[in-house]
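Presented below is the structure to which this report refers.
The values are calculated or read from the model by the stated rules, or taken from the named source; none is laboratory data. Predicted model, so just to flag it, every value in this text is computed and none were measured. No Cβ is skipped: glycine too gets one built from the backbone with ideal geometry, and neighbour counts run over all protein chains shown. All accessible areas refer to the heavy atoms of the entire protein, side chains included, with ligands and DNA or RNA removed. Shrake-Rupley method; radii C 1.70, N 1.55, O 1.52, S 1.80 Å.
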Amino acid sequence: MSTRRKFLHTSFLGSLGLFTGKKLMAQNSETSYPTVKNEPIVLSTWDFGKAANAEAWTILGKGGRALDAVEAGVKIPEADPNNQSVGYGGLPDRDGRVTLDACIMDEHYNCGSVMCLENIMHPISVARLVMEKTPHVVLVGDGALQFALANGFKKENLLTPESEKVWKEWLKTSKYEPVINIENKLHKPAGEGVMPGGKDNHDTIGMIAMDANGNLSGACTTSGMAFKMHGRVGDSPIIGAGLYVDNEIGAATSTGVGEEVIRIVGSHLVVELMRQGLAPEAACKKAVERIISRNPAKAKTLQVGFLALNKKGEYGGYALQKGFTYAVKTGKEEKLIPGKSIY
């Protein structure tokens, strides 16, 4: 009997040691970053992110909060009629209705989102009010509109003559065909026009920032894929998919075909990979590879890009295809970077 008890006691201690060892290994596998102060930085997706970053810097450069900066920054493309992939002037759904999606997240895990919102110029500001004035995270459709109107926003027609013309041209064939890197192709100065029909496709500005106090925030806003089914929502307003912020580790955002990002909860995945010690670019690449592993053949026909920033101020991006760009602004530099890609 004593031998049996000794065996059980030894086995229990061995198991406890194994469990404790695994727990310690798990703890040690997570990265912990010290807070870096007085080195603000803002990043955003695509060429038009440069103007958005400049606006965000009017707040960051004065020691302002990252949350205020990202909201102000993405409002620039939201109000730009020449940008047909975000906000005012965005290409409509197949019914000719401009529906907007946006989300925002701060350093305390607070977040707000609106989906399928119509007739409101700045969905990102409505999303922030959802975060700050309601017990909810997401409001959609007519409910989001009524909330916006109750909080002082005014109804406006967001379908510009230029975008309406493109939609009517699309109606001749009604062919829905996403095109890689359409964000940059659509953003043209007035008078240059846009590519017609089914070639006008996807969406999004995603912006992430760290302020002088070392705190992170992010925002993502879009008019969604052109000529989508009415009511379609992509990754942009979904916390964890189009945007995620963890103030202990870093922040990430995404762009491209939202359905593929949702399937892997992309931005959250990127942040968790940074938690395991990967640098921002490497984490973005791993997320892209996850999309490929799920469906290699399909991955060759579409674009998805990720952008990430960690608490040390290190940043990086990665995409499926060539053509993805992102803008960076700090107190020392302002530049547009061609993102690396798998293909």
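Go through ALA279, ALA308 for me and flag whichever is of a type in the set (A, V, I, L, M), open to solvent by 40 Å² or more (accessible area, probe 1.4 Å) and either under 23 Å from ALA56 (Cβ atoms) or touching a residue at least 12 places away in the same chain (Cβ under 8 Å) (or both). Can you show your working first?
Working: ALA308 fails: open to solvent by 40 Å² or more (accessible area, probe 1.4 Å).
Answer to the selection: ALA279.
When THR99, THR31, THR35, THR45 are checked against the criterion of being within 30 Å of HIS136 (Cα to Cα), among the hydroxyl-bearing types (Ser, Thr, Tyr) and open to solvent by 10 Å² or more (accessible area, probe 1.4 Å), THR35 stands alone in meeting it.
Just wondering, is there one or more residues in region 277-290 that are part of a strand (DSSP E or B) and of a type in the set (D, E, K, R)? Checked region 277-290: no residue is part of a strand (DSSP E or B) and of a type in the set (D, E, K, R). Taking residues in region 229-257 that are free of Cβ contacts under 8 Å to residues at least 40 places away in the same chain, and partners anywhere that are among the charged types (D, E, K, R), the pairs with Cβ atoms closer than 7 Å and at least 6 places apart or on different chains are ALA241/ASP235.
Take PRO296 and tell me if it is open to solvent by less than 40 Å² (accessible area, probe 1.4 Å) and more than 12 Å from the chain's Cα centre (by Cα).
Taking the combined requirement at face value, the residue does not satisfy it.
Scan region 328-343 for residues that are within 18 Å of VAL70 (Cα to Cα), open to solvent by 60 Å² or more (accessible area, probe 1.4 Å) and in contact with a strand residue (DSSP E or B) (Cβ under 6 Å, 6 or more places away or on another chain) and the total you get is 2.
Assessment of region 109-118 against the conditions (within 22 Å of the chain's Cα centre (by Cα) and acidic (Asp, Glu)) yields at least one matching residue. Sort out which residues of region 298-311 are at pLDDT 95 or above and either part of a loop (DSSP other than H, G, I, E, B) or of a type in the set (Gly, Ala, Ser) (or both), and write them in order of number. Selection gives GLY305, ALA308, LYS311. Region 132-216 holds helices (runs of 4 or more DSSP H) entirely within its bounds, and those carrying 1 or more residues that are modelled with pLDDT of 60 or more, in contact with a helix residue (DSSP H, G or I) (Cβ under 8 Å, 6 or more places away or on another chain) and surrounded by fewer than 20 Cβ atoms within 10 Å (Cβ to Cβ) map to 161-171.
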